Every structure is written in C-alpha cells, then in structure tokens.
Amino acid sequence: MRGAFIVFEGGDRCGKTTQCKRIVEYLKSTGIACEYMNFPDRSLTTGKIINDYLLKKTELPDRAVHLLFSANRWELEPKIRSLINRGTSLIVDRYSYSGVAFTSAKEGMDLEWCKLAEIGLPRPDLVCLFKSRVDVVSQRNGWGEERYEKTDFQKKVCENFQLLKDPSYWQEIDAVGSIEEVTENLKPLILETLEKAKSRKLENLW
Ligand code: Z5A
C-alpha cells in the first residue's frame, strides 16, 4: 500500500514548517512511516542558486528563476515517487502551488504559463492551505529578510492561491491560533488522508 502525499501551502511565516515537523513527529510516534520534505530544497544543485536569489545575492530574470524552482522539484520527483510507492507518507513544505502563486504575483507573469513546467509532477492527495493574516505573520521572527517578504506582494500571492484552489483535494486551515491548536486541527485530516490514499492511484499535475 502506498503512502500519502500531503502538502502544506500558504503565505510567508504562516507556520507551515513548524506544523510539517510537528505532524511528522506525531505520525512517527504512532509508528507511521513518514518523511518531511521542503521546497525549495536549498541543498540541491538548483537550490543553491535559488538560495542566493532569495537572499538577494544574485539577480535572475523572472522566467529563469521560475524554471529553477520547478527544476528543484523535478530533482526530487524520482525520490517522491519511490518513497510513496514503498509506503512512506510525505509531509511537504511548499510545492508547485507556491511556484505558480509567487511567480504569477510578479508584474507581467501569466498564471497559466507558470503552471506549464509543473505538468507531470505527482499531484498531492491533500493540500492544506494555511490561512493567516499578513499583520499577524509580519510580527513573527525572520519576516522581511528575503526577497518576497513584502506585505503587498504577499497579499497578491494569497489571491493567487485562491485561484489555484481545487476543493476536491484542498482544505483551508485556520493558522491564526496557537501552534498546539493548529496541530490538533490538522491531525484528523492527515489521518483520514493517509487512510484514503492507500486505495487511490497517485495522480499527476494538473
Ligand atoms: N517560493 C517560490 O517563489 N517558488 C517556489 O516554487 C517555492 C517557493 C517552492 C522561500 O520559501 C521563498 O521561496 C518563499 C516562497 C518562494 N518566499 N516567501 N515569502 P521557504 O519555504 O524556504 O521560506 P518561507 O516561505 O519564508 O517559509 P518559512 O520561513 O518556512 O515560514 P513558515 O514555514 O510558514 O513558518 P514557520 O517557520 O513555521 O514559522 C515562522 C515563525 O513563526 C517561527 O518563529 C515560529 O515559531 C512562529 N510560529 C509558527 N506558527 C506559529 C503560531 N501558530 N503562532 C505563533 N507563532 C508561530
């Protein structure tokens, strides 16, 4: 039986990484095989260039950097399929939806063009879209250090997530509560998805 492919998405600092790690810890404590994965993975070949770009050490044309983010996912595509097919569930911190939502928030970038490089990547069984408020997250540690951490840009990104939302496998998560409250709200949804994934084929984007 295959594992489930679960993605957490949302604006900056909304708590995705915190929750991914807490859910992986929780699942492992109940004996479920699972792993944490995050995009961009800055340790990969493409990830090193992306890291320099996000830290504003290099400049790249918008389309080129968009394709690098996508290539970063394709670097891990064989590993994603292999782990899932061997029964390990993946809890993934950002994915193709961030790729499309962030690039298409830039001037002159078309959302449909942004989706093209993602075609054929595995489609998650569940996308948890973290709903927060920019006035809340902008008070959190680390806000403003990287390229996209500006209020107006983040609002546009959130609008783009709404355009990508597919109710058949997306769920909105209230991420304004405490860290513990958000984890407790996520647990039943994650367990239900793990169960359903066992008998479902892994589909592709889009
Ligand atoms: N990007 C892109 O353009 N194209 C792509 O294809 C992809 C990404 C995949 C870097 O992503 C940038 O790349 C990102 C999107 C773009 N730009 N922005 N903005 P990243 O995932 O590496 O980094 P990030 O977006 O900045 O995410 P993050 O730092 O991982 O934030 P987070 O995961 O949402 O939050 P967190 O680390 O769990 O929490 C942040 C802080 O808040 C921390 O101090 C926590 O302790 C605290 N926290 C968390 N939850 C709570 C609650 N509930 N209450 C209070 N405090 C909390």
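Return yes or no: is S98 among the polar types (S, T, N, Q), more than 17 Å from Q154 (Cα to Cα), under 17 Å from the mean Cα position of the chain (by Cα) and within 11 Å of the ligand (Cβ to nearest atom)? Give the derivation first.
Working: among the polar types (S, T, N, Q): yes; more than 17 Å from Q154 (Cα to Cα): no; under 17 Å from the mean Cα position of the chain (by Cα): yes; within 11 Å of the ligand (Cβ to nearest atom): yes.
Judged against the criteria, S98 is not a match.
Taking the range 106-160, which residues are within 20 Å of T18 (Cα to Cα) and modelled with pLDDT of 95 or more?
P124, L126, V127, C128, L129, F130
Would you pick out the residues in the range 9-31 that are open to solvent by 60 Å² or more (accessible area, probe 1.4 Å), more than 8 Å from the ligand (Cβ to nearest atom) and either of a type in the set (D, E) or closer than 18 Å to R147 by Cβ (or both)?
E25, the sole residue that qualifies.
So which of Q139, Q154 is part of a loop (DSSP other than H, G, I, E, B) and within 13 Å of the ligand (Cβ to nearest atom)?
Q139
Can you tell me which residues in the range 76-127 are β-branched (V, I, T), open to solvent by less than 10 Å² (accessible area, probe 1.4 Å) and closer than 28 Å to R147 by Cβ? Talk me through it step by step, then tell me what you get.
Of the range 76-127, the ones β-branched (V, I, T) are 80, 84, 88, 91-92, 100, 103, 119, 127.
Adding the requirement that they be open to solvent by less than 10 Å² (accessible area, probe 1.4 Å) leaves 80, 84, 91-92, 100, 103, 127.
Matches in the range 76-127: I80, I91, V92, V100, T103, V127.
Only one residue in L90, L44 is touching a Gly at 6+ places or on another chain (Cβ under 9 Å) and aliphatic (A, V, I, L, M). Which one?
That would be L90, the only listed residue that is touching a Gly at 6+ places or on another chain (Cβ under 9 Å) and aliphatic (A, V, I, L, M).
Looking at (1) open to solvent by 80 Å² or more (accessible area, probe 1.4 Å); (2) without any contact (Cβ under 8 Å) to a residue 40 or more places away in the chain; (3) outside any loop (DSSP other than H, G, I, E, B), can you tell me which one E59 breaks?
E59 satisfies all of (1) open to solvent by 80 Å² or more (accessible area, probe 1.4 Å); (2) without any contact (Cβ under 8 Å) to a residue 40 or more places away in the chain; (3) outside any loop (DSSP other than H, G, I, E, B) except (3).
Name the residue that is nearest to K56 (Cα to Cα), counting only residues in the range 116-136 that are within 12 Å of the ligand (Cβ to nearest atom) and part of a helix (DSSP H, G or I).
V134
Scan the range 101-115 for residues that are within 9 Å of the ligand (Cβ to nearest atom) and not hydrophobic (A, V, I, L, M, F, W, C) and jot them down.
Listed by number, the list holds a single entry, T103.
Pull up the range 32-46, narrow it to residues that are hydrophobic (A, V, I, L, M, F, W, C) and in a loop (DSSP other than H, G, I, E, B), then point me to the one that is surrounded by the most Cβ atoms within 10 Å (Cβ to Cβ).
Filtering the range 32-46 for residues that are hydrophobic (A, V, I, L, M, F, W, C) and in a loop (DSSP other than H, G, I, E, B), the one surrounded by the most Cβ atoms within 10 Å (Cβ to Cβ) comes out as F39.
Determine the pairs where a residue that is assigned to a strand (DSSP E or B), located within the range 80-104, has a partner that is β-branched (V, I, T) with Cβ atoms under 6 Å apart, the partner being 6 or more residues away or on another chain.
From the range 80-104, the pairs are I91/I6; I91/I23; I91/V24; V92/V7; D93/T17.
Anything in the range 157-184 that is within 11 Å of the ligand (Cβ to nearest atom), open to solvent by 80 Å² or more (accessible area, probe 1.4 Å) and either over 17 Å from the mean Cα position of the chain (by Cα) or of a type in the set (G, A, S) (or both)? List them, or say none.
I179, E180, E181
Could you say whether any residue in the range 176-186 is out of contact with any Ser or Thr (no Cβ under 8 Å at 6 or more places or on another chain) and assigned to a loop (DSSP other than H, G, I, E, B)?
There is at least one residue in the range 176-186 that is out of contact with any Ser or Thr (no Cβ under 8 Å at 6 or more places or on another chain) and assigned to a loop (DSSP other than H, G, I, E, B).
The values are calculated or read from the model by the stated rules, or taken from the named source; none is laboratory data. Please read all numbers here as calculations on a predicted model, not as lab measurements. Every residue, glycine as well, gets a Cβ built from its backbone with ideal geometry; the counts of neighbours run over all protein chains shown. To get the accessible areas, we keep the full protein, side chains included, count just its heavy atoms, and leave off ligands, DNA and RNA. Shrake-Rupley method; radii C 1.70, N 1.55, O 1.52, S 1.80 Å.
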